[in-house]
Amino acid sequence: MSAYKRIRNILFKFDPEIIHSITETLLQKASSLSLVQEILIKNFCYESEKLHNNICGLNFYNPVGLAAGFDKNATLIQGMGALGFGFLEIGSVTKNAQKGNPKPRLFRHVEEESIQNAMGFNNQGSQKIASRLAKSYPFVLPIGINLGKNKSIPIEDTLKNYEEVLKDFLSLGDYYVFNLSSPNTPNLRDLQNTTFVGELFLMAREYTSKPLFLKISPDMPIDSLLEVCQKAIDSGGSGIIATNTTIDYSLVCSPKNIGGISGGALRNKSAEIFKELAKVFFDKTILISAGGIDSGEEAYKRIKMGASLVQVYTGLIFKGPCLCKNINHEIEELLNKDGFLSLKEAIGVDLK
């Protein structure tokens, strides 16, 4: 049994949200000390020129990013940067601070190595988060801002709500993600339609030339999903992130009747959605894969399917802080095994 698994067995005896808060505090304090920061980088980062890539004008040291949801308030930029990620995505951030849904709202499914969350975009609001991010930005790694809708905002005012939160980050962040696919804000997923998505991306393009991404649900009918993605791209979108969490509760043995499921239980569903997406959009836009990725083998599979980048979150909880290092090391081994000189050569090779 690995050292982390022994520690994990103890941690999992406690409420997951409490453990996350403790981890956040410890990582903030540790990364504020330069000596500790150096130790973290030495032990948890994996460097190889083979893994470097330039996407949308941004330099990525490796293809493994932190998905939104882990660092909601941009408090862990330094800490997560020392754990070997190639890029970080903060949020989801809303214009106004909000507490999120009632607790308990975060649950583990240990057997399936999955998490079920009904957090509800709990965050400190865009102005406070932007002020904090300004102290770390620009950062050595690309930083994305995942943007969400306030629960209290009527559907008819949603476009304005997204406009306001985007405007608070125009001088910050390297790319933006519009999150219309969280199951934890009432009626949010209803906005995954061509009319609203077109308006949203056209609005954003009036303000910024930075990369814009749409994060999609794994639960949409594939034809509708492809139409919405096409509209995002036609309206100025730079790419698609697939996928968010699922509300297919049949994927775990003992589901709660709230929130979305991520992690191992989502893996196959997310991969299938991504495969269909890549058939249509590979080489036409940037594709980022997320959902159940917790090994170099799975990450490499998504890369060969057409992903320029991948994102992890739940795997970090179950596999521990060495996850990025292990994934990147394994990706390089698989590149060597297949005779590729660089990561770029492997992207979408299954479609060529």
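Pairs with C-alpha atoms separated by more than 25 Å, drawn from the list Lys231/Lys301; Lys50/Lys269; Lys128/Lys151; Lys29/Lys167; Lys215/Lys279, are Lys231/Lys301; Lys50/Lys269; Lys29/Lys167. A straight chain from Glu227 to Ile22 at 0.36 nm per residue would run longer than the Cα-Cα distance by 69.6 nm. At what distance in nm do the modelled label points of Tyr207 and Glu111 sit from each other, each positioned 7 Å from its Cα along Cα→Cβ? Calculated label separation equals 4.5 nm.
One chain, two ends: Asn257 and His52. Fully extended at 0.36 nm per residue, the span grows by 69.6 nm beyond their Cα-Cα distance.
First measure r as the distance between the Cβ atoms of Lys167 and Val280, then evaluate 1/(1 + (r/R0)^6) with R0 = 41 Å and state the FRET efficiency to the nearest 0.05.
0.80
What FRET efficiency would be calculated for the residue pair Asp234, Glu297, taking the C-beta separation as r and a Förster radius of 41 Å, to the nearest 0.05?
Details: r = 35 Å, r/R0 = 0.85.
In this case the efficiency is close to 0.75.
3J(HN,Hα) couplings calculated from phi for the range 27-36 with the Karplus curve 6.51 cos²θ - 1.76 cosθ + 1.60 (θ = phi - 60°) are, in sequence order, 5, 4, 5, 5, 6, 7, 9, 4, 5, 5 Hz; Gly and Pro show x.
Ordering Gln98, Phe178, Leu58 by the projection of their Cα atoms onto the charge dipole of the chain, which places +1 on the Cβ of Lys and Arg and -1 on the Cβ of Asp and Glu, puts Gln98 at the extreme positive end. Going from the fewest other Cβ atoms within 10 Å to the most, the residues Ile327, Ile273 appear in the order Ile273, Ile327. Shape of the range 3-351 from the C-alpha gyration tensor: rounded (a/c under 1.5, with a ≥ b ≥ c the square roots of its eigenvalues).
If you take the square roots of the eigenvalues of the alpha-carbon gyration tensor of the range 290-352 and sort them as a ≥ b ≥ c, do you get rounded (a/c under 1.5), prolate (a/b over b/c) or oblate? Oblate, since a/c reaches 1.5 and b/c is not below a/b. Our summary gives the chain a relative contact order of 17 percent, counting only alpha carbon pairs under 8 angstrom and 6 or more residues apart. Counting only residues at least eight positions apart within a chain, or on another chain, the lysines with an alpha carbon under 19 Å from that of Lys5 are Lys13, Lys319, Lys325. So for the range 3-351: antiparallel DSSP bridges make up what percent, rounded to the nearest 5? Taking every DSSP beta bridge with both residues in the range 3-351, the antiparallel ones total about 30 percent.
Working note: Karplus 6.51/-1.76/1.60 with θ = phi - 60° gives the range 289-303 the couplings 9, 9, x, x, 8, 9, 8, x, 4, 5, 4, 5, 4, 5, 4 Hz, where Gly and Pro are set to x. Taking a point 7 Å from the Cα of Tyr4 along the Cα-to-Cβ direction, the residues of the range 270-310 with backbone N closer than 18 Å to it are 291-300, 310.
Bear in mind that the values in this text are calculations on the coordinates, not laboratory data. What you see is a predicted model, and the numbers here were worked out from it, not measured in a lab. All Cβ positions, glycine included, derive from the backbone under ideal geometry; neighbour counts span all protein chains shown.
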